[in-house]
Amino acid sequence: MGRGKAGEKKRPGARAAAFFRFSFSLPLLLCCWLQAGCGRRDPGAELQAARAAADAKLRSCLPEAEVEAGLRLALGAVTREPEATIVRLVAYTVDEAADFDLPLYLLSRGRWLINEQGRAYLLDAQCREYKLKDRRATPGPRTPERGRVRLRPGEAFEATLVFPRLPDAAREGALVYGRRVIRFSLPAE
């Protein structure tokens, strides 16, 4: 048998045992190093994960959406002003005539209601609700009385809805209009 340092006897297979311990400890060290944050971070992946989390939270607080036949809704624009969030809502039909109901303020109930039942409000990604403050119909020959507009096939009607100002940090949101839900994104300011 060979002799090691200072006259020690070497055991047979000591080299193999040392190599065996090293080969199993290397992956463990590598794993610990990566979990400790020493590896490279991917900011794009982190941003995408944050957006996915915000999207999941917003989806969890949205009401169940229903689609009424004939009438379609779209957002013309969502803009933040110093004191309000302005939503341009477009109602249109394609193949058949339909009625579009604007929110009316009912003094007896102290709130804005659509066809005396539904509400219009905004939700941000934190599930905060912003109630309707005002509405304006686009001036013209189609200014509705009592909030109802009859749309013939292929016609459109635009209304402006005024809500409290969304926070600067809000990037995603949804307009809940009666039983309809329309999602939107806001540009960074």
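What to note about this one:
- Residue pairs meeting the criteria (Cβ under 9 Å; at least 6 apart or on separate chains; first within 13 Å of LEU161 (Cα to Cα), in segment 66-88; second assigned to a loop (DSSP other than H, G, I, E, B) and acidic (Asp, Glu)): ARG80/ASP168; ARG80/GLU189
- From the list ALA169, ALA159, the lone residue that is of a type in the set (Gly, Ala, Ser), modelled with pLDDT under 90 and under 26 Å from LEU58 (Cα atoms) is ALA169.
- Residue in segment 9-32 that is more than 30 Å from ALA120 (Cβ to Cβ) and at pLDDT 70 or above present: no
- Check on ALA137, more than 28 Å from SER60 (Cα to Cα) and either surrounded by 15 or more Cβ atoms within 10 Å (Cβ to Cβ) or modelled with pLDDT of 90 or more (or both): yes
- Candidate set from segment 62-75 (those that are part of a strand (DSSP E or B) and out of contact with any Ser or Thr (no Cβ under 9 Å at 6 or more places or on another chain)); member that is farthest from THR93 (Cα to Cα): LEU75
- Residue within segment 93-101 that is over 19 Å from ALA170 (Cα atoms), among the acidic types (Asp, Glu), exposed (fewer than 10 other Cβ atoms within 10 Å of the Cβ) and at pLDDT 75 or above present: yes
The values are calculated or read from the model by the stated rules, or taken from the named source; none is laboratory data. Just so it is clear, the structure is predicted and the values come from calculations on it, not from any experiment. Note: ideal-geometry Cβ built from the backbone for every residue, glycine included; neighbour counts use all protein chains shown.
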